[in-house]
Amino acid sequence: MIDLHNHILPGCDDGSQSLEESLEMARIACAAGIRTIVATPHASGMLFGNPKREVLPKMVDLNAAVRAQMADMSIVPGSEVLLGKGTAKKVIAGEILTIADNGRFVLVEFPFEKVPKELTYELDILLENEIVPIIAHPERNSDLRKNPHLVFELAKKGCLFQITAGGVAGELGKPAMRFSRELIKHRVAHFIATDSHSPTRRPPDLREAVGVAAQLLDSKEEAWKMVTSNPAAIIGGDVPEIPEPVQIERKKWFFQR
Ligand SMILES: [Fe+2]
């Protein structure tokens with residue numbers, strides 16, 4: 001399995017604080033069947049700058065340290081970009097790490113659990129420049145939960161969506177659990193990732209969430225793709241083969257919350 005969103009890079013953000021902690025996260029992931037971790041430190045926010053030129057060498061060092069102990073585990077570079085004014089320009093200029101540094105996909109989070117209207121044009125600029133935004137943890141976003149048609153609209157534009165394993169399993173509260181499951185059912189969840197911050201804060205384990213997704217989709221194969229071939233395509237620089245998204249009816253969803 002591949003974990004597309006993980007704060008395993010030590011000392012860069014609110015994730016791992018030491019190499020020892022990072023190695024422990026890698027060991028937990030390895031025991032849970034994960035063999036590739038995309039390291040996605042927060043980037044371009046008020047708290048964490050983490051420009052590409054600074055974090056890329058640290059990714060190389062971490063990969064070497066992990067592989068010295070776990071030969072079949074790989075750390076792939078990436079970042080989680082806080083969407084703000086000018087984000088697209090920085091990504092296009094190569095100041096922010098895209099996934100696998102291939103310049104094709106960037107993991108993006110919305111600020112304050114909202115979807116500021118003035119910021120969605122940043123996503124349009126990325127798409128116009130053939131850089132696909134992967135929206136991180138939509139299930140935690142209150143605007144998206146209230147207006148699920150926005151997810152459908154962004155998906156139709158070409159954005160991809162990553163939901164959190166712990167969210168699917170119910171560890172982020174009921175609204176996030178219900179919404180992440182709706183997104184899976186409506187074929188707008190393209191990846192499940194851990195968003196792990198430490199060995200104990202969202203530990204890097206995808207198995208329970210994949211099991212839930214398999215039940216919801218009535219297809220182990222389709223659920224499995226969200227942690228194998230879909231993220232593998234991203235790392236390889238290709239858009240994964242994904243099903244057509246299904247519109248989520250607001251009324252139906254509203255009464256379920
Ligand atoms: Fe994250």
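Key figures
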item	result
Out of 74, 79, sole residue that is open to solvent by less than 30 Å² (accessible area, probe 1.4 Å) and without any contact (Cβ under 8 Å) to a residue 40 or more places away in the chain	79
The one condition in (1) buried (at least 16 other Cβ atoms within 10 Å of the Cβ); (2) in contact with a Leu (Cβ under 7 Å, 6 or more places away or on another chain) that residue 157 fails to fulfil	(1)
Residue within the stretch 117-135 that is in contact (Cβ under 8 Å) with a residue 12 or more places away in the chain, within 18 Å of residue 181 (Cβ to Cβ) and within 15 Å of the chain's Cα centre (by Cα) present	yes
Top-ranked residue of the stretch 39-55 - restricted to ones that are in contact (Cβ under 8 Å) with a residue 40 or more places away in the chain and in a strand (DSSP E or B), ranked as nearest to the ligand (Cβ to nearest atom)	42
Test for residue 67: is it within 21 Å of residue 105 (Cα to Cα), surrounded by fewer than 17 Cβ atoms within 10 Å (Cβ to Cβ) and more than 16 Å from the ligand (Cβ to nearest atom)	no
Checklist (1) surrounded by fewer than 15 Cβ atoms within 10 Å (Cβ to Cβ); (2) under 24 Å from residue 15 (Cα atoms); (3) not aromatic (Phe, Trp, Tyr) applied to residue 118, failing item	(2)
Criterion: in contact (Cβ under 8 Å) with a residue 60 or more places away in the chain, open to solvent by 10 Å² or more (accessible area, probe 1.4 Å), assigned to a helix (DSSP H, G or I) and more than 16 Å from the ligand (Cβ to nearest atom) - qualifying residue of 232, 214	232
Residue match in the stretch 158-170 (condition: assigned to a helix (DSSP H, G or I) and of a type in the set (Ser, Thr, Tyr))	no
Any pair with Cβ under 8 angstrom, 6 or more apart, that starts in the stretch 1-22 at a residue that is away from the ligand (no atom under 15 Å from the Cβ) and ends at one that is in a strand (DSSP E or B) and of a type outside the set (Phe, Trp, Tyr)	1/36; 2/36; 2/37; 2/38
Residue, least open to solvent (accessible area, probe 1.4 Å), within the stretch 102-115, restricted to residues that are within 16 Å of the ligand (Cβ to nearest atom) and at positive phi	113
Subset of the stretch 192-210 that is more than 11 Å from the ligand (Cβ to nearest atom) and touching a Lys or Arg at 6+ places or on another chain (Cβ under 9 Å) - its residue that is least open to solvent (accessible area, probe 1.4 Å)	210
Residues within the stretch 171-186 that are in a helix (DSSP H, G or I) and closer than 17 Å to residue 206 by Cβ, tallied	6
Total residues in the stretch 237-252, condition over 14 Å from residue 188 (Cα atoms) and open to solvent by 60 Å² or more (accessible area, probe 1.4 Å)	5
Filter result (in contact with a Lys or Arg (Cβ under 9 Å, 6 or more places away or on another chain), open to solvent by 30 Å² or more (accessible area, probe 1.4 Å) and in a helix (DSSP H, G or I)) within the stretch 121-151	124, 125, 127, 143, 145, 146, 149
Out of 37, 2, 99, 28, sole residue that is closer than 24 Å to residue 166 by Cα, at pLDDT 95 or above and in contact with a Phe, Trp or Tyr (Cβ under 7 Å, 6 or more places away or on another chain)	99
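Here's the yes/no breakdown for (1) charged (D, E, K, R); (2) part of a loop (DSSP other than H, G, I, E, B); (3) buried (at least 18 other Cβ atoms within 10 Å of the Cβ); (4) out of contact with any strand residue (DSSP E or B) (no Cβ under 8 Å at 6 or more places or on another chain):
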| residue | (1), (2), (3), (4) |
| --- | --- |
| 5 | no, no, yes, no |
| 13 | yes, yes, yes, no |
| 17 | no, yes, no, yes |
| 26 | no, no, yes, no |
| 33 | no, yes, no, yes |
| 37 | no, no, yes, no |
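The values are calculated or read from the model by the stated rules, or taken from the named source; none is laboratory data. Every value quoted in this text rests on a predicted model; they were computed, and no experiment measured them. So basically every Cβ, Gly included, is an ideal-geometry build from the backbone, and we count neighbours across all protein chains shown. Areas reflect the complete protein model, heavy atoms only, side chains present, ligands, DNA and RNA absent. Shrake-Rupley method; radii C 1.70, N 1.55, O 1.52, S 1.80 Å.
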